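Enquirer: Could you have a look at this structure, given as structure tokens, before my questions?
Values quoted throughout were computed directly from the atomic coordinates according to the rules given, and no laboratory measurement underlies them. Owing to the predicted nature of the structure, the values given are computational and were not obtained by experimental measurement. Glycine gets a Cβ as well: all are built from the backbone with ideal geometry, and neighbour counts include every protein chain shown.
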Amino acid sequence: MINLYVFRHGQSIYQCLRVISGLHEFGLSALGKYQTYNLASRTDVDFEIAYISDTKRTIETFEMLKLAGKMPSEENCVFTPLIREKCQGDFIMQEFKAFPDDPNKRNFTPKNGESWEDVQVRVSKTFDFLVRRYLLQQKEAKQDDDELVKALFQQSEHIESKKNNIILVTHYGFIKEIVQYLKKADQLQLEQPYFAQNATLFTLQLFLKENESWQAKIISLNSYTRQYRPFMD
């Protein structure tokens, strides 16, 4: 079994400015750092393995979790572009309202950016990696895996785990597509749309079934949200 804790980064400075951010950014706001540290100080989970998106806001979120003593040892922490936020292409550095996003147009691709379907492909690769590496105990990539997945296997080959408590430090859009991916696979039933708020946990358990298939069970959504509501936009 895998206990998977999906953590959205704390509030970023670009969120405060309502600007679409990319890889070149200012990181977390003061509130974002407070949100992250406060949540970490309230959770009693011992994270054994961490996969962190390689953006400044997620790296700073990781650093705040580490400061609170909740991150695993350095050798069990892997930074990867596979779990980045959706790339908004030429809309990066523009105001939120400039983006003509329609949730029904999943294949809309901004120039030099990604569609939601592109993000879901990355989600699928991430879950496939987690299942193969930690449920099936495979330590080597397949020849036809893409380079990002091969890199994850290589970076994770030394990792040993007793409880498989894994945290992903990632973004709203990536978490949104995790939900879509699980719903499409009939792994998740949600009556209302799910919105991952800043510095909250989305918790799942992944189990092996027959023929190397797997099943997901939802444990919690937006854990610890209430304490932040007075500070939210």
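Enquirer: With runs of 4+ DSSP H residues as the only contributors, calculate the mean residue ellipticity of the chain at 222 nm using -39,500 (n - 2.57) per run, divided by the residue total and rounded to the nearest 500. Please report the intermediate quantities before stating the final value.
Expert: On the way: 6 runs with 68 residues, N = 233.
Helices in the chain give a 222 nm mean residue ellipticity of -9000 deg cm²/dmol.
Enquirer: Residue separation times 0.36 nm, minus the C-alpha to C-alpha distance between residue 66 and residue 137: what's the value? List each step's numbers first, then the result.
Expert: On the way: separation 71, 0.36 × 71 = 25.56 nm, distance 2.69 nm.
That works out to 22.9 nm of additional length.
Enquirer: A 20 angstrom limit on the alpha carbon distance is what I want to check against. Which of 70/150; 150/217; 139/162; 66/150; 86/139; 125/184 exceed it?
Expert: On the way: 70/150 27 Å; 150/217 27 Å; 139/162 16 Å; 66/150 26 Å; 86/139 28 Å; 125/184 15 Å.
Where the Cα-Cα span goes over 20 Å, the pairs concerned are 70/150; 150/217; 66/150; 86/139.
Enquirer: For 109, 61, 55, what's the fewest-to-most ordering of other Cβ within 10 Å of each Cβ? If you can, show how the numbers build up before the last one.
Expert: Working: 109 14, 61 32, 55 25.
Listed from fewest to most nearby Cβ atoms, that is 109, 55, 61.
Enquirer: How large is ³J(HN,Hα) for each residue in the range 65-82, as worked out from phi by the Karplus curve 6.51 cos²θ - 1.76 cosθ + 1.60 (θ = phi - 60°), to whole Hz, x for Gly and Pro?
Expert: Rounded to whole hertz, the list is 5, 5, 4, 7, x, 9, 8, x, 4, 4, 5, 9, 10, 10, 9, 9, x, 5.
Enquirer: If you don't mind, there's one more thing I want to ask. Within straight cross-link reach of residue 97, meaning Cα distance under 19 Å, which aspartates and glutamates are found once same-chain residues fewer than 8 apart are removed?
Expert: Candidates past the 8-residue exclusion: 25, 85, 114, 233.
Enquirer: What ratio of Cα Rg to 2.2 N^0.38 Å holds for the chain?
Expert: Numbers: Rg = 17.1 Å, N = 233, 2.2 N^0.38 = 17.5 Å.
Against the empirical 2.2 N^0.38 Å value, I get 0.98 for the chain.
Enquirer: Please rank 203, 58, fewest neighbouring Cβ atoms within 10 Å first, as an exposure proxy.
Expert: Working: 203 18, 58 27.
The fewest-first ordering by Cβ neighbours comes to 203, 58.
Enquirer: Can you tell me the dipole magnitude for the chain around its Cα centre, using point charges on the Cβ only (Lys, Arg +1; Asp, Glu -1), in Debye to the nearest 20?
Expert: On the way: 30 positive and 31 negative charges, 135 e Å.
Once rounded to the nearest 20, the dipole reads 640 debye.
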